[in-house]
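Everything on this sheet refers to the single structure shown next.
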Amino acid sequence: MADKNEKDLDRDLVGDGIHSIQKVIQPHKAYSRPVIKYILIGVSVLFLAVMLGIPLIVVAVNALSDGWAAYKEAVLDEYTVKALLLTLLATVSAVAVNTVFGVFAAYLLSKFYFKGRQILATLIDIPFSISPVIAGLVFILTFGNIGWMGDFLKAHDIKIVFAVPGVILATIFVTFPFVFRELFPVLNAQGKDEEEAAALMGAGGFTIFRRITFPHIRWALLYGVILCTARAMGEFGAVSVISGHLRGKTNTLPLHVEILYNEFNTTAAFAVSSILVILAVLILIARNIVEWKRK
Amino acid sequence: MYVEMRHITKTFDGFQASRDVSFGIEKGFLAALLGPSGSGKTTILRMIAGLDRPDEGDILIDGTRVNDLPGSKRGIGFVFQNYALFRYMTVADNIAFGLEVQKKSKSEIKSRVDELLELIAMKDLGKRYPHQLSGGQRQRVAFARALAPDPQLLLLDEPFAAIDAKVRRELRTWLREMIERVGVTSIFVTHDQEEAMEVADLVILTNQGRIEQIGSPREICLQPQTDFVRDFIDAKRFEALMDIV
Amino acid sequence: MTGVFMEQHIVKVKNKKGVRVIPGFGLSMGVTLAMLGCLVLIPLASIFLSASRLGFGEFIGVVTSRQVVSGYVVSLSCAFLAALVNAVFGIVLAWVLVRYEFPGKRLMDGMIELPFALPTAVAGIALTYLYSDQGWIGSLFAKVGIKIAYTRIGITIAMVFVGIPFVVRAVQPVLEKLDRQYEEAAMMLGANKPYTFFRVILPELFPALLAGFGLAFARGIGEYGSVVFIAGNIPYKTQIAPLLIMTKLEQYKYADATAIALVLLLISFLLMFLINSIQIYMQRFSKA
């Protein structure tokens, strides 16, 4: 660089600057310093590998540690299949309920002005900041034997706590705001001019929603459904409190994993876990595809 | 020549922002880089500042080639288009930033900050935060912050773009006076020909990454050298101005 | 994700409060309130109802017992430490994902949500296995005499696991939108990169970082599934508060469980309130 420099410059322009050129020519470190970049990338990769990557490998290795046959047996076990079915039922219910709620609530809060909007938005968020164990507890305190609805339910022979409805309710509770949270910012950013224009032209509520609002939230809705599915499928604490761990009846897949693990049936526990890992990875892939499409 | 660009070429992702740009500015001059948007004027400014590097050519400041010198070592003050004031620092802390970085003593920093606050007539506003200031005040703070480390060259990127039309004219005069008082060589970028004609000693007219003409506002108006300059400059508007000059 | 973001949005819609021309207000309001009430608010009210049946002395007695206090201490201290770790690594990860280009970046970005998608129980047993004395990582530390599983270190690690996405996803979008002019301004004034980062960039990221920290902290306090296995449930040492609630429930001590839960609930609400307040304060600066 220095050679080229001296050749190219007229003497008079350089003036007495020959010394300063030499002083100046060393490129500053900050100008071309990939060291920090590689350190930071290295730290990130290491952190993610230790925290996220290796646990997944642990599941895979342990699930297959007793061979393929043992794996198949654990996965196709009657109780595993029943647990899977209950998990699917709870997940589908939670997604359905929370989608309906999310659409109505997001529409309400983004298209209308009324007193108490802020409070309503805060209330919807509550399940986010609550321990899942407490989420389970509130249903025991409501519908359980000691709950204020306990006597009524007993009189009509309805079982919620330690039964399938309880599992579903708890799952709905912990995933309650998920769809709403994805829809609300999108609808809010869109404003309400289009809806107002359509309403002034005489369109009805359903037509407005279907033709105008819905196209805006398609991807956000799908995104919210995916997040809701992930959380509902994996819910453990809340369901653990309320299910009563009745094998084959109120056991979801995560609870089944716990039971197997506590029975020191480690291989089976990891084998069942691997089903959940596969589902989780599929959800992550779906999430990334949807996010990519949205952009 | 205090600042000199020699055969500068710069390409961004296939877009030629500068094509063989050469010009010089004498010490103490206030120069305007004027041109339509996309003409490459901001790129030139950023290359002088060391925020972008030219692909080819040399940049000289005070006779020294500075291509490989980081912007912070070039003795340059830079006023950004949106001022880029640090939101979480007070006006005084913003101005002091460049001095703190140099590890100047507390008392030295304080006296310099006070001096600059007085210069920009904001003596009592040192404890304010940027969000508590008007647009014009923000510009003055940005100006003071750039001047704090005592630069030999002041660069301003569209200094009046973020200010509403009413106060713009006022600020123009103010800035012109300030620069004269401080006596720092300055270059500012603008797309507004009136601004360039009224404020600058020297106008560098750019178009499509090339320099169309360099000259005093008078020369640009009265002796346009290319068709582009003739079309771009609305000479009639400045007749009155040219008579004064 | 906290209430403050909502507040910003809501102010925007306020302007046209005049006539309501869009149909569907009554229906949406009805459905929203009915579902929220039946599925969240009424069950939640039960906890306050049953707590009110407890005498005040009884309530204080439960929540100040040695075991319960130690449960709170373990939960809060580990969650706080984990949130701090997440704040540091969260910023590094967000920085790497926003500012650098490298092979595998998309994969890394996609992986961030893994703790969110992976059922907590699965994470719990995998982490326990990994960090136990015989585990791949735990055995390395066991050699130098450090036990991870069944100690508070293990609890903290599990909480770090569940908290990562919160910080990264809070900071990432803000960093993406951050105007480079701030950095360029600092650089022109002679600041080096670390100085610029700590004096100029970090304050810009702080509100988002705080939100992420708060969410990770809250999540850590309440977390059960991923922590319960690695905690080992040793009284006074590694018993977390949510686990205490569970234990009381298994002993049919509903009143005790309610009391413990109520305090935990109040801590969560207080935390969210605190973080929201700081964020509202910080928002004043963003007008510039």
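The values are calculated or read from the model by the stated rules, or taken from the named source; none is laboratory data. These numbers were taken from a predicted model, which means no experiment stands behind them. Cβ placement follows ideal geometry from the backbone for every residue including glycine, while neighbour counts extend to all protein chains displayed.
Taking the options B:206, B:173, name whichever one is surrounded by fewer than 16 Cβ atoms within 10 Å (Cβ to Cβ) and either assigned to a strand (DSSP E or B) or hydroxyl-bearing (Ser, Thr, Tyr) (or both).
Every option except B:173 fails the conditions.
So for the stretch A:176-189 (the condition being assigned by TED's automatic domain parsing to the domain that holds residue A:110, farther than 21 Å from residue C:24 by Cα, among the aliphatic types (A, V, I, L, M) and within 13 Å of the chain's Cα centre (by Cα)), does at least one residue qualify?
No, that holds for no residue.
Residue-by-condition table, conditions (1) charged (D, E, K, R); (2) in contact with a Pro (Cβ under 7 Å, 6 or more places away or on another chain); (3) at the interface with chain C (Cβ under 7 Å from one of its Cβ atoms):
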site	(1), (2), (3)
A:84	no, no, no
A:88	no, no, no
A:91	no, no, no
A:104	no, no, yes
A:108	no, no, yes
A:125	yes, yes, yes
A:131	no, yes, yes
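One line per residue, one yes/no per condition, for (1) outside the structural domain of residue B:193 (by TED's automatic domain parsing); (2) among the β-branched types (Val, Ile, Thr); (3) outside any loop (DSSP other than H, G, I, E, B):
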{"site": "B:137", "(1), (2), (3)": "yes, no, yes"}
{"site": "B:145", "(1), (2), (3)": "yes, no, yes"}
{"site": "B:160", "(1), (2), (3)": "no, no, no"}
{"site": "B:163", "(1), (2), (3)": "no, yes, no"}
{"site": "B:166", "(1), (2), (3)": "no, no, yes"}
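May I ask you to verify whether residue C:82 is aliphatic (A, V, I, L, M), in a helix (DSSP H, G or I) and modelled with pLDDT under 90?
no
Among the numbered conditions (1) over 26 Å from the mean Cα position of the chain (by Cα); (2) within 10 Å of another protein chain (Cβ to nearest Cβ), tell me where residue C:133 comes up short.
(2)
Yes or no: residue A:40 over 21 Å from the mean Cα position of the chain (by Cα), at pLDDT 90 or above and not assigned by TED's automatic domain parsing to the domain that holds residue A:269?
Considered against the rule, which asks whether it is over 21 Å from the mean Cα position of the chain (by Cα), at pLDDT 90 or above and not assigned by TED's automatic domain parsing to the domain that holds residue A:269, residue A:40 comes out as yes.
Could we say that residue B:180 is of a type outside the set (Lys, Arg), assigned to a helix (DSSP H, G or I) and modelled with pLDDT of 90 or more here?
Yes, satisfied.
Give, as residue ranges, the helices (runs of 4 or more DSSP H) completely inside the stretch A:76-174 that count at least 3 residues that are farther than 24 Å from residue C:45 by Cβ.
Correct list: A:78-111.
Which ones in the stretch A:195-248 are charged (D, E, K, R), within 30 Å of residue C:27 (Cα to Cα) and within 11 Å of another protein chain (Cβ to nearest Cβ)?
A:195, A:196, A:231, listed by residue number.
Scan the stretch C:224-253 residue by residue and report those that are of a type in the set (Phe, Trp, Tyr) and modelled with pLDDT under 90.
C:236, C:252
How do the helices (runs of 4 or more DSSP H) wholly within the stretch C:143-247 filter down when requiring 1 or more residues that are more than 10 Å from every other protein chain (Cβ to nearest Cβ) and either surrounded by fewer than 18 Cβ atoms within 10 Å (Cβ to Cβ) or touching a residue at least 24 places away in the same chain (Cβ under 8 Å) (or both): which remain?
Of the helices (runs of 4 or more DSSP H) lying wholly inside the stretch C:143-247, those with at least 1 residues that are more than 10 Å from every other protein chain (Cβ to nearest Cβ) and either surrounded by fewer than 18 Cβ atoms within 10 Å (Cβ to Cβ) or touching a residue at least 24 places away in the same chain (Cβ under 8 Å) (or both) span C:152-177, C:202-222, C:225-231.
For a quick check of your reading of the model, give me the residue pairs whose first member lies in the stretch A:239-260 and is under 23 Å from residue A:143 (Cβ atoms) and among the aliphatic types (A, V, I, L, M), whose second is assigned to a loop (DSSP other than H, G, I, E, B) and at pLDDT 90 or above, with beta-carbon atoms closer than 6 Å and at least 6 apart or on different chains.
A:239/A:252
Only residues that are closer than 13 Å to residue B:213 by Cβ and among the aromatic types (Phe, Trp, Tyr): list them for the stretch B:223-240, please.
Residues satisfying the conditions are B:228, B:232.
From (1) surrounded by fewer than 22 Cβ atoms within 10 Å (Cβ to Cβ); (2) under 27 Å from residue A:135 (Cβ atoms); (3) at pLDDT 90 or above, pick out the condition that doesn't hold for residue A:267.
(2)
Go through (1) more than 9 Å from chain C (Cβ to nearest Cβ); (2) under 30 Å from residue C:260 (Cα atoms); (3) in a helix (DSSP H, G or I); (4) not aliphatic (A, V, I, L, M) one by one and return the number of the condition residue A:181 breaks.
Condition not satisfied by residue A:181: (1).
Go through C:30, C:37, C:55 for me and flag whichever is modelled with pLDDT under 90 and farther than 26 Å from residue C:214 by Cβ.
C:55
Scan the stretch C:38-63 and report the pairs whose first residue is without any contact (Cβ under 8 Å) to a residue 12 or more places away in the chain and whose second residue is among the polar types (S, T, N, Q), with Cβ atoms within less than 8 Å and a gap of 6+ or a chain change.
These pairs meet every condition: C:42/A:142; C:43/A:142; C:46/A:142.
So, in the stretch A:148-171, of the ones that are under 31 Å from the mean Cα position of the chain (by Cα) and free of Cβ contacts under 8 Å to residues at least 24 places away in the same chain, which residue ends up surrounded by the fewest Cβ atoms within 10 Å (Cβ to Cβ)?
A:159
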